[in-house]
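Throughout, read-outs are computed from the coordinates displayed, never taken from laboratory work. In this text the structure is predicted, and so the values were computed from the model without any measurement. With ideal geometry, Cβ positions are generated from the backbone for all residues, glycine too; neighbour counts draw on all protein chains shown.
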Amino acid sequence: MPKITHLIYDFDGLLLDTEPIYCRVNEMIAARYGKQFTRALHRKIMGRQAMDCAQILVAELDLPLTAEAHLQARDELIFDMLPEAMPMPGAKELTQRFYELGVKQAIATSSAAVTFNLKTQRYQDWLAIFNAIVLGSDPAVKRSKPAPDSFLVAAQRLGAQPAECLVFEDSPAGVTAAKQAGMSVVAVPAAHMDKAMYREADEVLTALSDFEPQRWMLP
């Protein structure tokens, strides 16, 4: 196992508890057309950029609107809800610990700048401890997860080789992206997720607070 020197985190559902908000909004839009947003659909869109999610939902639910219209409807509903999002259990404590120990850390999220800024407006002090933040709208990110682009850009901005990076992810698409990037990955799936979808992960935890740094030879 290569020596891990840098850490990269997904954001939604991993550091910040936004997934229930996105689910609620997708349920509301589907219900307008007599459709049901299921957990299976949620699993299919997890970790992907907003437009990818909209295209999948419109196709899978056979909705009578374009992906662009779905995205607009989502944004109208979600913007008032996102600032309510709270940190996931153990997220602030773990990242603060590594910051104090001098370990370089980055965020690599599929979120675009507008939504990322909304959900983090109360957490600017927390964001300040990260050495790099790579958004889905970053021009350097050509393809969204499960492609490895966001993680490779994050590693580059940290000054690290991919093999030196440990990724924390909650989505199957994110786990695939991390492995495609040549990185090690710890999966922290939600309780309702099928653990079989995380076979690629090097370790699977129930919460970030369960992470044991010594297993990865980290301080």
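Tell me, what is the percent relative contact order of the chain, built from C-alpha pairs under 8 Å that lie six or more residues apart?
Taking the mean separation of contacting Cα pairs over the length of the chain, I get 26 percent.
How many angstrom lie between the Cα centre of the range 126-186 and the Cα centre of the range 59-107?
15
Would you calculate, for the chain, the mean residue ellipticity at 222 nm contributed by helices, counting each DSSP H stretch of 4 or more residues as -39,500 (n - 2.57) and dividing by all residues, to the nearest 500? Could the numbers behind the result be given before it?
Values: 9 runs with 85 residues, N = 219.
Roughly -11000 deg cm²/dmol at 222 nm, from the helical runs in the chain.
Under a point-charge model restricted to the Cβ atoms of Lys and Arg (+1) and Asp and Glu (-1), what is the dipole moment magnitude of the range 19-83 relative to its Cα centre, in debye to the nearest 20?
Dipole about the Cα centre, nearest 20: 260 debye.
Quick one: P(r) of the chain from all Cα-Cα pairs, 5 Å bins, percents rounded to integers, in order of increasing distance.
1, 7, 15, 20, 21, 16, 10, 5, 3, 1, 0
Kindly write out, for the range 2-12 in residue order, the coupling ³J(HN,Hα) from the Karplus curve 6.51 cos²θ - 1.76 cosθ + 1.60 (θ = phi - 60°), rounded to whole Hz, with x marking Gly and Pro.
Using θ = phi - 60°, the values come out as x, 6, 8, 10, 9, 10, 10, 10, 5, 10, 5 Hz.
List the residues, sorted by chain then number, that are 5 or more residues from V204 or on another chain and whose placed amide H is less than 5 Å from its amide H.
A187
Only four residue types carry charge here, +1 at the Cβ of Lys and Arg and -1 at the Cβ of Asp and Glu. Report the dipole size of the chain about the Cα centre in Debye, rounded to the nearest 20.
On the way: 22 positive and 27 negative charges, 64 e Å.
Charge dipole of the chain: 300 debye, to the nearest 20.
Ranking E169, E164 by Cβ neighbours within 10 Å, fewest first, what do you get?
Details: E169 29, E164 18.
Ranking E169, E164 by Cβ neighbours within 10 Å, fewest first, gives E164, E169.
In what order do F168, F37, F79 fall by count of nearby beta-carbon atoms within 10 Å, going from fewest to most? Can you show the working numbers first?
Numbers: F168 24, F37 21, F79 14.
So the residues, fewest neighbours to most, are F79, F37, F168.
I133's amide H: which non-local residues (gap 5+, or another chain) put their own amide H closer than 5 Å, with H modeled 1.01 Å from N in plane and none for Pro or chain starts?
Sorted by chain and number, the residues that satisfy this are I107.
Given the chain, what count of lysine pairs have C-alpha atoms under 27 Å apart, with each pair 8 or more places apart or on different chains?
Lysine pairs satisfying the spacing and distance rule in the chain number 28.
Set Lys and Arg Cβ to +1 and Asp and Glu Cβ to -1, take the dipole of the range 75-214 about its Cα centre, and tell me which of P162, F130, F98 lies farthest positive.
The one lying farthest along the dipole's positive direction is P162.
Test of understanding: ordering D202, D80 by Cβ neighbours within 10 Å, fewest first, what list do you get?
D80, D202
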